[in-house]
Structures are given as structure tokens and as C-alpha cells.
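Below is one structure; the comments refer to it alone.
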Amino acid sequence: MRAFRGHVTLWLSAGLLLATDARAQVGTDPHIGFLHPAGGQKGTTVDVLCGGMLLQGTTNVLISGGEGVRASIVKYHRFFQQNDAPRIRNSLEREQQKLEKKLGKELDFKFERDGCVGKDREMVMKAAGVTEEDFVLLAEYRKLAADKKRQLNPQLQEDVTVKLAIAPDAKPGPRELRLLTPKGLSNPLSFYVGEYPEIEEVEPNNVDAGTVIEKALPVVVNGQVLPGDVDRFSFKATKGQRLVIATKARELVPYLADAVPGWFQATVTLYDENNKEVAFADDFHFDPDPVLFCEVPKDGRYTVQISDSIFRGREDFVYRVTIGELPFVTGIFPLGGQKDVPVPVEVTGWNIKTKQATVPAGKVPGIRAVSLDLGGKLSNRVAFSSDTLPDCMEKEPNDSPDKAQWLPQAMIVNGRIDRPGDRDVYRFGCKAGEAIVAEVFARRLNSPVDSMVMITDAAGKQLTSNDDYEDKGDALATHHADSRVLMKAPVAGNYYFHIIDAQNKGGADFTYRFRVAEQRPGFDLRVTPASVNGKPGESVPIAVYALRHDGFTGEIALQVKGIGEETILSGARLPVGEDMVRSTLTIPSSLKGGPLKIALEGRARINGVEVVREATPAEDMMQAFAYRHLVPADQWTLTVAREKAGGASALKVVQNQPVKVRLGGTARIPLSGPPLGSSEEYVFTLSDPPAGLSVQDSSTSRNSIQIVLAANAKEAKVGTKGNLIVEAYIARVTKDDDATEKRKTLIGILPAIPFEVSAL
């Protein structure tokens, strides 16, 4: 099974190659790689360029977040690629030869660099399907190819311009934008509804004052960084102004498959009138998107410069930079509270008149982003955690076992590493054999704490410790710095939980939430892709991931809701101990249209109680050529094409029980389906197969179809369970230039087939 995880990524010097994003590799679903501009002000209308691939025929735009944004399609455009010019030339020459052979004479026709000449040009072009527009695009391609700042990227070869009308009362913040095409619904990307006036960069703006901002601050600047590019914007400021220059870059396009470190790593520099550096930022705490804070030293014109940290760039290196005396929260305390309870918090930051605010009650446990109401102005979004456990505050001094803070019950402590070298110790009573979880939430809440947890007994003996715990539900983390331990108490008594900063740092911002509680086995679910596209009768593969916690390893039964009882989810179980299973969704033949909002539900019995969880839709995104992350989306949708599915929908798996294949042996999977012609046969291959499993052979006869599944003794593992995703082809014997060969045509995907590898 394919693992998904986040990693610390090394900075490597690498060029930008063809994207290997999982969705783009499939080559069948529409995909958008960037939006520019990636936002607009309330009460305005903005044209947004959506760059990607397979976008031709876009008919609609879907935007999450309810009312407030109306969309319409302006135009579609496709860039030429490197192989388009020879394709046109070859097509014209081939049709010219056919026409000359048919007419028995030489045609007055010649292909030149910028078009065709000769009195027979229209006849040849028509036969070849070449238009005047093709030559316009070819000239554009040559111009772009000669521009050292531009790269020709196949994954960004098309774009659609959409017009978004943003209502004056539209709710500010991020929305998800997707494009609807004849091939289905695209992946989602973030579009921000803003509150301040917006401008777009005007090239060239890489020297001197760059783009001059005439509007009064605050202002939002939208742009793109191309290879080796820097963008500069100048504005007037007065002495004493407390400027905040906040950048959104990685937040707009979370991961890039073909770039190291895997996103646009923006840097921001502020210069004075003499081009002297005043301030610089390349991040905010541990968020890669930089925020620059500066108290203006004197009246004058100042210039902001934005670039990539190693001067990479291309069209999907998009940004939004907000400049002005903005209310910006740098920290809150506490970092969370009980579910269903409004929580008063202390606020620190820039341009904040009040030091107190209230976080609205959270309806479900977990981490969410909230904007605080600061005297009628909304702040930037900050992370806040809600839980069902009661809260308490850390009480100093508690830096040694003899001064440990007593915790009378399972609870969450809101604490702070006050100074470098500070140690917070908590005492908790356990029963013999009781399983206790101790977990720190800090980095996941944008705190600088790099925690370490250690547990000792009453005699001071260390029982266990942990530095870094990888939370697979934190999709945007690439450095997991929070700590978590699971301890089974050897005897009844008091145990001591020590928390320190692993980097020996501390201060007012070094806040955390510390959970000490009995083990609560459970799970959360993710399902990909966020946009499911298919035809009536077609089986479409999906992937379901279990984020198991506190030792839960049980089986999870899966069910799709929202599209009727006819819908079949094949392989609808996540096996014991497995973190991922690939299944198929067979779309009812009667179903058409969409996008339809659907849901996936998982059920499991935990300690005798049925637990139900709805899966969060997500996009499986690749980072830096290797690492994968499940980035959550707002909605899980199904879009059904008008035409019915191909030949694979007629193939049925005969047996209902899981296929058991012995290690080193084979198993036969019988199918039923329509007979083929004498020169045809079915061929089957496994898509993303488990280690050691493969289709050894297949046979087609008038009465039966069989797949022979093999388990390699050296690579397969006994006990492996899951589903097989089988691609079905029809192989036909054809004659091409007097040579006989077999050509395969993909006809679709079979319903998922459960399997298990057994012992010899």
C-alpha cells in the first residue's frame, strides 16, 4: 500500500520539470494549477486566469462558501507546445501527398515558418484540419519560447478566463474554485474574498520603483513570479507607521510536484528611497509565507520586493501581498478551549488596540482557522483547537517533580515555556495497566515550541519519551515538531509528565496545549479525489485513508451516501491494521449531471460501541518529486457525463468473496462479459498494485473470462489485505504496413476486487 507522509525537505538546486501530480498523470480529469489573481475585493468584478490542462469546453465555475460570488466564462485559450509545430507540418505534408496522389498533379502549396502559401493552401489546410488560429498560436509559442522568463509547461498548457462578481456583503476569506468541463469537475484551488483595494503587477517591474501604488494603503498586490524574476512595488509612507506586509504564496498553491522544496518559497524585502534594505522576511514563525513588520523610520517612498528564495519561477508561482497598517495577530493564549464554549483569549500582535478577544464556540472537536473581531476589524486567521475534555491553566512554579502541578482528571493544560531552559512538570494518578496518552499541541497551532515529552515514575525513573510525532491529519506540515506518547502504567500511583523545548528556547510566544487522558481509540477518514468524475455505469477508483489514533487497528466499513441505493461501492472495507484502501464507485446507469454533493461514511466497533465518521474530501498532492500529502477540501462531489461508460461496464466479477492468493502461488478470478470477435481478446493489468502482486495471465473464451493473479514469494507479504484495481483492455490484431500486431485499447476499470495473501 502506498504511504502518505510529510517530511523535512532538503533544499536542492533543481530545475522545474514536467509535473507528476497524481491527478495530472491520469490524463483524463481537468486540472487547474493556479488562479491569477487569486482573490478580489468585495463589491468588485475581477477577471481571473485559471491555468491548467484539459480545460477545453469549460461550461461553469463552482465556488464554495455560499452566496456572494457570481461567475461567468470569458474565454478559453490553449498554448502551443514543443511538439505542436512538427505535428502541424507533418499533417500538412501528409495531406498534400494524399491530395496530389488523388488528383494526379502537383499542388501549389508550401509550408513556411509563419503559415502556408500557394493557391491550394486552403484545400490542404482544410484536409489537414489546420486553421489560421493555429498559426497565430504557433507565433505566440515562438515568442514565449524566446522569452527567458517563460517556461513552456505541459501541465499549464491551457487557461480559462472567468469573470467573478463579488457582492459587497460577501463573506471575506478563502473560497474553493473549481471548473466544470465536459470531462468533469476540476480539482479545487483557493480564491480569496478580500476587504481592501486590489491591484495587479504591471511588467516590467523588477527594477527601481517597479509598479507604483497610487492607492492609499492598505492595498493588496497580486502577481506572478517567473524564472529569475523579482517584482517591486513602491508606495508612500510616513514616519511612525506600523506597516504589516503579509504574503500569501504557499497558501494559494500548497504543493508543487516538480519543485524543491515543493512550493513557491516567497521572500519579501523592504527598501527605502536610497534602495537601502530596511527589513526582510522569508517566513512567519514556521509558516513559509513571509510576514514583514516594520515601523517606518522616516517619511518617503518605500519599495517592496518579492521573489522566490532561490529565484525559481513560473506561472503557478502566484502571490497576494497585503500592505498597510493592518491588525495582525502574532499570538493568542490559550490556543484552544472546550467544544461548544466561547473562549476569551489574550491577543498579541501589530496594530491591535485591544488585548482581549473572544473565539466563537467550536461545534466539532479539532483545529480550525478563526479570524478575531478586534474592535470592528477582522484579524488574520489564526489556528484554534477545540476538544471535549475540560481545560485548565498552567500554574508556576512547576519546573520539578516536587513542584509538579496536580491534574485531578483527564484534561488539557494551557501552558507556556516561559524562558529558555524552562521545564513544566505535571502529576497525574494512574491505575495499574491503564493506558494513558500524553500529547502536546503547539506547532500544529503555529506556536514556535519544539516540544519533547518525558514520563517518569515516583522514583524518578524515565519510562518513555517522545520528541516528534507525525500527525497525518496535518496536511500542510512538513516538519512535525509536536510530541505524543502512549504509556501503559505498570503499577497504580502517581506519574510525572515533563515538557521542555527541544531547542532550549522559550518566551511569551512559546505556548502549548497538553492533553493527558485515558487512551481514546478512534479514527478519522480522508477520501480522494475531491472531485469524482465518471460516466453512467462506469466504475471510478477512489482512495480512502484511515487516520488511526490511540491504538485503534480495527476494520472500518465504508458507505457512500447522497446518490441513491443503486450506487455500488466495491471493496467497501478498510481492513484491520491498514491505513489506506483503494475502492471503486460504480455510477448508476440512470444517473446524469451534477456536480452532486456526496459523502463517504466509515463505521467501526470500538470497545463495544459503534463509531461513525464522515470522511473529509482531500486532494492527493505530491511535494518535491516524492512526498505526498492529503490536502483537505470543502466538498466531495460527483459529476456524471452524458454518454454511457465503455466496454468495461459490461464485465462483472463472478465471485463475491475476497480472492485468496497463496504466497508464491496463483489464484483465478472468473469474470462474465460479452463475447469478443475472433481477432480480439481481453487483457488485464493492475493499477498501482500491492507489492508482489501482478496479473500473470488472462484467458478469453466463448464461455468464460479469467484473470490469473500471482503473488511473488520474495515481494508479497502474508496477511496483506485490500482491493485490486484492475484496468481492462481489448487487444485487437491489426495490419499496419503489412505487419501484423496487437494493439490494446483501454475500455475501463473493473469494480474493485477484495484480496488477501495467505501462507503457503
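Any read-out appearing in this document is the output of simple, stated calculations on the displayed coordinates, not a laboratory observation. Predicted, not measured: the structure shown is a model, and the values here were computed from it. Cβ atoms come from the backbone with ideal geometry, glycine included; neighbour counts cover every protein chain shown.
Summary table below
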quantity	calculated
GluC sites (Glu not before Pro) restricted to DSSP loop in the range 76-145 with at most 15 other C-beta within 10 Å	Glu106
Length gained when the stretch Lys171-Thr666 is fully extended (0.36 nm per residue, less Cα-Cα span)	172.3 nm
Distance from the range 427-482 to the range 221-241 (C-alpha centre basis), Å	42 Å
Potential lengthening between Glu122 and Val202 on full extension [0.36 nm per residue; Cα-Cα distance subtracted]	24.8 nm
Relative contact order of the range 331-392, defined on C-alpha pairs under 8 angstrom at six or more residues apart (%)	35 percent
Percent of beta bridges antiparallel (DSSP, the chain, rounded to nearest 5)	90 percent
Other-chain or far-sequence residues with amide H under 5 Å of Lys339's (modelled H)	Asp387, Thr388
Relative packing of 273-279, 57-63, 204-210, which averages over residues the other C-beta atoms within 10 Å, highest first	57-63, 204-210, 273-279
5 angstrom amide H check on Glu273, placed H, neighbours 5+ away	Arg301
Amide H partners (placed H, <5 Å) of Glu346, local residues excluded	Phe333
Residue pairs, from the table Lys42/Lys75; Lys171/Lys215; Lys183/Lys644; Lys535/Lys652; Lys98/Lys126; Lys431/Lys488, whose Cα atoms sit over 20 Å apart	Lys42/Lys75; Lys171/Lys215
Packing-based ranking, highest mean first, of 303-312, 174-183, 64-73 given that Cβ atoms within 10 Å are counted	174-183, 303-312, 64-73
Using θ = phi - 60° and Karplus 6.51 cos²θ - 1.76 cosθ + 1.60, couplings along the range 49-64 (whole Hz; Gly, Pro as x)	8, 10, x, x, 8, 6, 9, 4, x, 3, 10, 7, 10, 10, 10, 6
The chain: relative contact order as a whole-number percent, Cα under 8 Å and 6+ apart	10 percent
Full-extension gain in nm, Val733 to Ser371, via 0.36 nm per residue minus C-alpha separation	123.9 nm
Part-to-part distance (alpha-carbon centres) for the range 350-364 and the range 26-81, which is given in Å	34 Å
